[in-house]
1. Give me the residue from segment 218-261 that is among the acidic types (Asp, Glu) and exposed (fewer than 14 other Cβ atoms within 10 Å of the Cβ) and, out of that set, modelled with the highest pLDDT.
2. I'm told THR178 meets every condition in (1) of a type in the set (Ser, Thr, Tyr); (2) surrounded by fewer than 18 Cβ atoms within 10 Å (Cβ to Cβ); (3) closer than 24 Å to LYS65 by Cβ except one. Can you identify the failing condition by its number?
3. With respect to THR13, is the statement that it is modelled with pLDDT under 90 and among the β-branched types (Val, Ile, Thr) true?
4. Starting from residues that are of a type in the set (Asp, Glu) and crowded, with 21+ Cβ neighbours inside 10 Å, keep the ones in segment 54-100 and report whichever is farthest from LEU137 (Cα to Cα).
5. Where in segment 27-118 are there strands (runs of 3 or more DSSP E), lying wholly inside it, with at least 2 residues that are basic (Lys, Arg)?
6. Out of all the residues in segment 139-171, which are among the small types (Gly, Ala, Ser) and surrounded by 15 or more Cβ atoms within 10 Å (Cβ to Cβ)?
7. Restricting to segment 145-162, what's the tally of residues that are of a type in the set (Gly, Ala, Ser) and part of a loop (DSSP other than H, G, I, E, B)?
8. Please specify each residue of segment 178-190 satisfying the condition of being more than 21 Å from the chain's Cα centre (by Cα) and at negative phi.
Amino acid sequence: MHLPRLRLLRRFTRSRECPDGKVYAGVCNICGSRRGFCHSPSAHPREGFACLECTSTSRDRMLIKTLGDCLGLTGALEEWPRQPLTLLETSGYRATPARLAQKFRYVNLMYASQGEDDYVQGDLSRLGLRDGTLDVLLTSDVFEHVREDAPAWAEVYRVLAPGGYLLLQVPAVGEMETTEVRVEVRDGEDVHLMEPEYHAEQTLVYRYYGDDLLGRLCELGFAVMALRRRYPKFQIGEQTIVVAQKAPFVAMGPDEISERAWT
């Protein structure tokens, strides 16, 4: 009777930690845990593989991995030394805000109150910061929801210091050439060109970006690279992230300089 009871307990533990999927091995590059990652077959790989310790997703870990590469920092975010840099993140969730606040002068910018304890409510088009205030701006799947994005891109460029980084995740750079505009703003009114689509918190999708976004960022003065990478060790599936730097070239780490990819 003893052995069957042990087997039942083992199945219950797996079900409690990952009731709708499987647990995959790996190391979390945010919290450093080796407990594994839960992934449900119904979840998009970019949004899945949640760390059993800190709940970070594959997309979260790609953002932090790229941040470390830019700043020459290795290991888990949890283990990084504190940096004398000012970092703004748009709509930071899950594992990153508390840990980034320990390592940087950190601001979590929300467009509206969404239940987070520590955040600043604001508008990407009017950040209210002095020129050259930020060393890093992280924005993950936010700009497709910005109503009028041209002034927001210009504002991001203005508030970044010389040499500052914009790390950008948006659908669907790397998957299509031309931006798909779903909603136009005409005379202050939203005009739907396609069936309305909403993401989390019922935020309207105004556009899906194509690779033409990279040229727009270059026109502002950024050096730009679109990186498509995967990191199996961290259960980061293949995905694209844009690195834009307010500099003549994109620098990835203290010794690695990459040529300007778009001019």
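The values are calculated or read from the model by the stated rules, or taken from the named source; none is laboratory data. Small disclaimer: the values here were computed from a predicted structure and weren't measured. Here the Cβ is made from the backbone with ideal geometry for all residues, glycine too, and neighbour counts use every protein chain on show.
1. Of the residues in segment 218-261, the ones among the acidic types (Asp, Glu) are 219, 238, 255-256, 259.
Right, trim to exposed (fewer than 14 other Cβ atoms within 10 Å of the Cβ) and you get 219, 255-256, 259.
Details: GLU219: 97, ASP255: 44, GLU256: 45, GLU259: 40.
Checking each candidate, the answer is GLU219.
2. Only one criterion in (1) of a type in the set (Ser, Thr, Tyr); (2) surrounded by fewer than 18 Cβ atoms within 10 Å (Cβ to Cβ); (3) closer than 24 Å to LYS65 by Cβ is unmet by THR178, namely (3).
3. Yes; evaluated as a whole, the condition is true for this residue.
4. Our first condition is that a residue be of a type in the set (Asp, Glu); within segment 54-100, this holds for 60, 69, 78-79, 89.
Going one step further and asking which of them are crowded, with 21+ Cβ neighbours inside 10 Å, we end up with 60, 89.
Details: ASP60: 14, GLU89: 6 Å.
Among those residues, the one meeting the criterion is ASP60.
5. Details: elements: 37-39, 86-90, 105-110.
Fully inside segment 27-118 and qualifying: nothing.
6. Residues of segment 139-171 among the small types (Gly, Ala, Ser): 140, 150, 152, 154, 161, 163-164.
Hits for segment 139-171 are SER140, ALA152, ALA161, GLY164.
7. Of segment 145-162, the ones of a type in the set (Gly, Ala, Ser) are 150, 152, 154, 161.
Then keep just the ones that are part of a loop (DSSP other than H, G, I, E, B); that gives none.
Looking only at that region, the number is 0.
8. Within segment 178-190, the first condition is being more than 21 Å from the chain's Cα centre (by Cα), and the residues that meet it are 178, 181-190.
Once the filter is applied, which keeps residues that are more than 21 Å from the chain's Cα centre (by Cα) and at negative phi, segment 178-190 yields THR178, VAL181, ARG182, VAL183, GLU184, VAL185, ARG186, GLU189, ASP190.
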